[in-house]
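Have a look at the structure below, then the notes.
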Amino acid sequence: MAGWIVLIVLVVLALLGVGLYNRLVTLRNRYKNAFSQIDVQLKRRYDLIPNLVETAKGYIQHERGTLEAVVAARNQALAAAKGAAANPGDPSTMQSLVGAEGALMGAMSRLLAVVERYPDLKANQTMALLMEELTSTENKVAFARQAYNDAVMAYNTGRETFPNVIVANLFGFGPAQLFEVESPSERQAPKVSFS
């Protein structure tokens, strides 16, 4: 009889462990999927930026340094996004992405400030459409980032609660990194005005 009780307890513990493991896998897959939504929007933004630079290039040729800074920041952000997409939630890749995104937003803000000084460029139909697309994409990035951060929070909470923490440590479920804005200046959206 005691053998059966021990066997039943072991089976219940095994089933509990399997359930906890599967829950952690589900939560991890949710945040990875949420990051893939960010990745789609970031790629869309990265594809818009060269068109924006090419449109502006014809009008502001003597602002070459600003245009080159935007292209360089875009390329760094694209590389960082590829690294983060390969391992979303990893603290080092996410920090790299956050830093690259901050540099890109800074370069884009400088470009927008230059665009403001050129009425012909502001009135250009292609530039207006690109800016509208960029604004729409920025909104989508913000929503995707919120969904990702919510999924990371659920995962981190799930892996840190008892008894999940035992299974998480046993099977190497490490903490995931939020996609947060680093500095207060990055929290402000670039101002776009064609009036």
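Does the range 32-43 include one or more residues that are free of Cβ contacts under 8 Å to residues at least 24 places away in the same chain and acidic (Asp, Glu)?
Filtering the range 32-43 down to residues free of Cβ contacts under 8 Å to residues at least 24 places away in the same chain leaves none.
Checking the range 32-43: not a single residue is free of Cβ contacts under 8 Å to residues at least 24 places away in the same chain and acidic (Asp, Glu).
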For this session: Determine the pairs where a residue that is without any contact (Cβ under 8 Å) to a residue 12 or more places away in the chain, located within the range 113-129, has a partner that is in a helix (DSSP H, G or I) with Cβ atoms under 7 Å apart, the partner being 6 or more residues away or on another chain.
Result: none
For this session: Please specify each residue of the range 29-49 satisfying the condition of being more than 13 Å from Ala81 (Cβ to Cβ), surrounded by 13 or more Cβ atoms within 10 Å (Cβ to Cβ) and out of contact with any helix residue (DSSP H, G or I) (no Cβ under 6 Å at 6 or more places or on another chain).
Result: Lys32, Asn33
For this session: Would you point out the residue of the range 140-164, among those that are free of Cβ contacts under 8 Å to residues at least 12 places away in the same chain and among the hydrophobic types (A, V, I, L, M, F, W, C), that is farthest from Arg30 (Cα to Cα)?
Result: Phe162
Exercise. Which ones in the range 74-95 are without any contact (Cβ under 8 Å) to a residue 60 or more places away in the chain and either in a loop (DSSP other than H, G, I, E, B) or farther than 24 Å from Asn149 by Cα (or both)?
Worked result: Asn75, Asn87
Problem set entry | Filtered residue count, the range 64-97, keeping only those that are under 30 Å from Asn156 (Cα atoms) and surrounded by fewer than 21 Cβ atoms within 10 Å (Cβ to Cβ) | 14
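For the range 96-125, which positions are polar (S, T, N, Q), in contact with a helix residue (DSSP H, G or I) (Cβ under 9 Å, 6 or more places away or on another chain) and assigned to a helix (DSSP H, G or I)? Before you say what the answer is, go through the steps one by one.
Taking the range 96-125 and keeping what is polar (S, T, N, Q), we get 96, 109, 124-125.
Next, only the ones that are in contact with a helix residue (DSSP H, G or I) (Cβ under 9 Å, 6 or more places away or on another chain) stay: 96, 109, 124.
Ser96, Ser109 - these are the residues of the range 96-125 that are polar (S, T, N, Q), in contact with a helix residue (DSSP H, G or I) (Cβ under 9 Å, 6 or more places away or on another chain) and assigned to a helix (DSSP H, G or I).
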Problem set entry | Given (1) part of a helix (DSSP H, G or I); (2) closer than 19 Å to Asn22 by Cβ, number of the condition Phe143 does not satisfy | (2)
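FYI, it's all coordinate maths here, none of it is from the lab. All of these numbers come straight from a predicted model, not from anything done at the bench. In this analysis, Cβ positions are derived from the backbone assuming ideal geometry, glycine residues included, and neighbour counts consider all displayed protein chains.
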